[in-house]
1. Can you tell me which residue in the range 239-275 is surrounded by the most Cβ atoms within 10 Å (Cβ to Cβ), limited to those that are out of contact with any helix residue (DSSP H, G or I) (no Cβ under 8 Å at 6 or more places or on another chain) and farther than 30 Å from ARG190 by Cα?
2. I want to confirm something. Restricting to the range 245-293 and keeping residues that are among the small types (Gly, Ala, Ser) and modelled with pLDDT under 85, which single residue is nearest to ILE199 (Cα to Cα)?
3. In this structure, does VAL203 turn out to be in contact with a Pro (Cβ under 8 Å, 6 or more places away or on another chain), of a type in the set (A, V, I, L, M, F, W, C) and modelled with pLDDT under 90?
4. Which ones in the range 154-185 are of a type outside the set (A, V, I, L, M, F, W, C) and without any contact (Cβ under 8 Å) to a residue 12 or more places away in the chain?
5. Do we have any residue at all in the range 243-254 that's assigned to a helix (DSSP H, G or I) and of a type in the set (Lys, Arg)?
6. Tally time: how many residues in the range 148-202 are within 28 Å of TYR89 (Cα to Cα) and of a type in the set (Gly, Ala, Ser)?
7. One residue is enough: does the range 141-155 have a residue meeting the conditions buried (at least 16 other Cβ atoms within 10 Å of the Cβ) and at positive phi?
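The values are calculated or read from the model by the stated rules, or taken from the named source; none is laboratory data. Bear in mind that the values here come from a model prediction, so they are computed numbers and not experimental data. All Cβ positions, even for glycine, are placed from backbone atoms using ideal geometry, and neighbour counts span all protein chains on display.
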Amino acid sequence: MKNKKSTVIRLIVCVAIVAILIVLGKFANFFTIDFSTINFNYENLLRVILMAAAVLAVETVLVIILSFIKPKSHRGQSIVSILSSLMKYIAAIVILCWGLSIFGVNVSTIAASVGILALIVGFSAESLIADVVTGAFMIFENQYNVGDIVEVDGFRGTVTSIGIRTTCITDAVDNVRIVNNSSMKNLLNRSDKMSYSIIDISVPYETDLEAIEKKFPEMLETIRRENSDVMKEKPEYFGVQSLADSSVVLRFAVKVDEKDIYSGARRLNRAIWLGFRKIGVECPFPQIDVHTK
């Protein structure tokens, strides 16, 4: 509700500024447009409609062509995504300028006349400019690309598209978050290096830890061989993580691609549990000692 209210207030302020500048510009002869040259009739209106339809058709065809381009690299996918987004803005600008020229408006004169006005309105659209500029610098610096797994303000997902103003991030359950490019400054790109799937598994205090630790290398090698599509290396045994109330907690980890970090943990949990049962280690359960006098 507050966002809607602030948006309405900003819109009213921008309109007021534009109205004041137009009045001041008229009296100060900033605007040199000769309105007598404007020829608004049904014939020109039809031309504008046909022109707009043609431009939109070309824009649609170009976007469809870009959609058939499937670059293998994330960098290439980012460039295709940005070009698709840029087409819409270019089409809108072409329709506006071409339409005004059909009606007899000197577009170059308008551009020169409203330079100050555009500057003032530009300050009002500070967030829009920040989104565009920040997005451009991030792409040039190759900070993230389409297909990268990133984390922004606690939201983790895959970058599915990058536009002129916004970036779309989709998480593992297909929730889509649209983030302004200016808000993508503090992000964690998790696609650059291998990741670790880490699990903790408990064994009873009665377990002969030294004896089962000797069996871990063979067990972990078997786990790696059976899960080679996800696990990049043999799982590692890190040792005793903690001494809990009713068990000893052991930590294991395995290197995986970032996209497999959760599935890798689930597979490792299952494989370790099955491996423990084969070597005679059972899962612990809460125990209470009762002492009587």
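1. SER247
2. Step by step, filter the range 245-293, then rank; the result is SER246.
3. yes
4. In the first step, residues of the range 154-185 are kept if they are of a type outside the set (A, V, I, L, M, F, W, C); the result is 154, 156-158, 160-161, 163, 165-167, 170-171, 174-175, 177, 180-183, 185.
Matches in the range 154-185: GLY154, ASP174.
5. Pass one, the range 243-254, residues assigned to a helix (DSSP H, G or I): none.
Looking through the range 243-254, none of the residues is assigned to a helix (DSSP H, G or I) and of a type in the set (Lys, Arg).
6. Selection size over the range 148-202: 5.
7. yes
Condition check ((1) at pLDDT below 80; (2) farther than 30 Å from VAL159 by Cα; (3) in contact with a strand residue (DSSP E or B) (Cβ under 6 Å, 6 or more places away or on another chain)) across all residues:
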residue: ASN3; (1), (2), (3): yes, no, no
residue: ILE20; (1), (2), (3): yes, yes, no
residue: ASN39; (1), (2), (3): yes, yes, no
residue: ILE49; (1), (2), (3): no, yes, no
residue: VAL63; (1), (2), (3): no, no, no
residue: LYS70; (1), (2), (3): yes, no, no
residue: TYR89; (1), (2), (3): yes, no, no
